[in-house]
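K.L.:
One structure follows; several queries about it will come next.
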Amino acid sequence: MSQAWSQVSGVLDSAVRELDELDTALERVATGDYGICRRCGRAIDPARLDARPAAALCIDCARLAG
Ligand SMILES: [Zn+2]
């Protein structure tokens, strides 16, 4: 039971994190910053936004940030 719970809890954790990211992404849509890298200020590759709509960093910065 505890193993199943830790699986459920892990899924919940990542769902909550994704919701947080989407929330932030929506705020960025509202302020006009969506699709702009938060670190270097360059446009984020549209293909990356397709794969990760909540991405706040361009691929280069995301790689640097680990
Ligand atoms: Zn960047």
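Just so you know, all these numbers are worked out from the coordinates, no wet-lab data involved. Note that this is a predicted model, so its numbers are computed, not measured. All Cβ positions, even for glycine, are placed from backbone atoms using ideal geometry, and neighbour counts span all protein chains on display.
K.L.:
So, in the range 52-64, how many residues would count as being more than 9 Å from the ligand (Cβ to nearest atom) and either more than 17 Å from Asp20 (Cα to Cα) or among the acidic types (Asp, Glu) (or both)? Lay out the reasoning, then the answer.
P.N.:
Within the range 52-64, the first condition is being more than 9 Å from the ligand (Cβ to nearest atom), and the residues that meet it are 52-56, 63.
Subset that is either more than 17 Å from Asp20 (Cα to Cα) or among the acidic types (Asp, Glu) (or both): 63.
Number of matching residues: 1.
K.L.:
Residue by residue through the range 19-37, note down the ones that are surrounded by fewer than 13 Cβ atoms within 10 Å (Cβ to Cβ) and of a type in the set (Asp, Glu).
P.N.:
Asp20, Asp23, Glu27
Residues are listed down the side, and each one gets a yes or a no for (1) among the charged types (D, E, K, R); (2) within 16 Å of the ligand (Cβ to nearest atom):
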residue: Val8; (1), (2): no, no
residue: Asp13; (1), (2): yes, no
residue: Asp20; (1), (2): yes, no
residue: Thr31; (1), (2): no, no
residue: Tyr34; (1), (2): no, yes
residue: Cys37; (1), (2): no, yes
residue: Asp45; (1), (2): yes, yes
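Every residue, every condition in (1) on the phi < 0 side of the Ramachandran plot; (2) among the aliphatic types (A, V, I, L, M), yes or no:
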residue: Ala4; (1), (2): yes, yes
residue: Gln7; (1), (2): yes, no
residue: Ser14; (1), (2): yes, no
residue: Ala30; (1), (2): yes, yes
residue: Asp33; (1), (2): yes, no
residue: Gly41; (1), (2): no, no
